[in-house]
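Here's the structure we're looking at; comments come further down.
The values are calculated or read from the model by the stated rules, or taken from the named source; none is laboratory data. From a predicted model like this one, the values you see are computed outputs, not experimental measurements. Glycine gets a Cβ as well: all are built from the backbone with ideal geometry, and neighbour counts include every protein chain shown. SASA here: full protein model, heavy atoms, side chains in, ligands and nucleic acids out. Shrake-Rupley method; radii C 1.70, N 1.55, O 1.52, S 1.80 Å.
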Amino acid sequence: MRQFLLRLQLLLVLLPVLGGAAAAEDFVPVPQLSGHVVDQVHMLDDQQRAALDSVLAEYETRTGSQIAVLLMASTAPEAIEQYSIRVAEAWKLGRKGVDDGVILVVAKDNPKALRRLRIEAGRGVQGSLTDAQSKRILEDVIAPHFRQDDFYGGLAAGVSAISSLLDQEKLPAAQRHAPPAQTDDGGGWVTLMAVLFFLFIFFTMLLRSRRNARNNLNSNDWGNGASTGAGVIIGSILDQVARNAASGRSSRSGGFSGGSSGGFSSGGGSFSGGGGTFDGGGASGDW
């Protein structure tokens, strides 16, 4: 009897743990962060998705802040609030220490009890993207378009409203990286030495032609021809020197290229979060 009671107590202790583990297996997994727009249910066509992705990538390059859109079927059995915070913890959007990431989640087939729209705001942007402002964007900006099945129009308008509020935050500027300086390969010095050598030859020939002028009636013609030929050669070398100098200045005066700690590359590179954190700020809605 005593052993039975001990086993029963142990079972009662483990039951919530086992139940939680079983429930966790039924949770919808968080998708991999493959771009600024992750569309699992094809709410957008390829052109619309690419256009929205490009806008968000340009915004990240310009400001450093990261905004991503997740379009999915359902978060059940979780409410959209619980699921979106799992997404935020996995994606880690926003710069580390700045926490300027925002996630717009759309769960198209969620029942109304679980909500279908969610804005998850990083800690660093909640001064301007408040819960009330997030709610207003969902209800007054996105939902009217969605009710007309204009999903792209609603997302574009919502992203525009979010980015406008983020611009009001006094966030650090996007990091810009100067391209590596190109070292001089010594070609300029070689050309300069060649010019000096030909100058020496030119003046030697000119002096020799003048010395022989008294004994050779055609020496002046020869001297003029020599000076002209040498001048052409020297002129071409000087022109090459100028070209090399201009090329060197051009290679060393490159501008800055935009970038961010998120690691997004518009040329087909990978996109990842920058280490930002979230604490549940934002709002949920429906249409």
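Go through region 45-78 and give me each residue that's open to solvent by less than 20 Å² (accessible area, probe 1.4 Å) and either in a helix (DSSP H, G or I) or among the aliphatic types (A, V, I, L, M) (or both).
Result: Leu52, Leu56, Ala57, Tyr59, Glu60, Ile67, Ala68, Val69, Leu70, Leu71, Met72.
Could you say which residue among Asn110, Asn220, Asn212 is surrounded by 18 or more Cβ atoms within 10 Å (Cβ to Cβ), touching a helix residue (DSSP H, G or I) at 6+ places or on another chain (Cβ under 7 Å) and either farther than 24 Å from Thr61 by Cβ or modelled with pLDDT under 95 (or both)?
Working: Asn220 fails: surrounded by 18 or more Cβ atoms within 10 Å (Cβ to Cβ); Asn212 fails: surrounded by 18 or more Cβ atoms within 10 Å (Cβ to Cβ).
Going through Asn110, Asn220, Asn212 in turn, the sole match is Asn110.
Which number in (1) without any contact (Cβ under 8 Å) to a residue 12 or more places away in the chain; (2) crowded, with 24+ Cβ neighbours inside 10 Å marks the one condition that Ala88 misses?
It is condition (1) that Ala88 fails.
Table: residues versus (1) closer than 22 Å to Gln82 by Cβ; (2) under 28 Å from the mean Cα position of the chain (by Cα); (3) surrounded by fewer than 17 Cβ atoms within 10 Å (Cβ to Cβ); (4) aliphatic (A, V, I, L, M).
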{"position": "Gly127", "(1), (2), (3), (4)": "no, yes, yes, no"}
{"position": "Pro144", "(1), (2), (3), (4)": "no, no, yes, no"}
{"position": "Phe151", "(1), (2), (3), (4)": "no, yes, no, no"}
{"position": "Ala161", "(1), (2), (3), (4)": "no, yes, no, yes"}
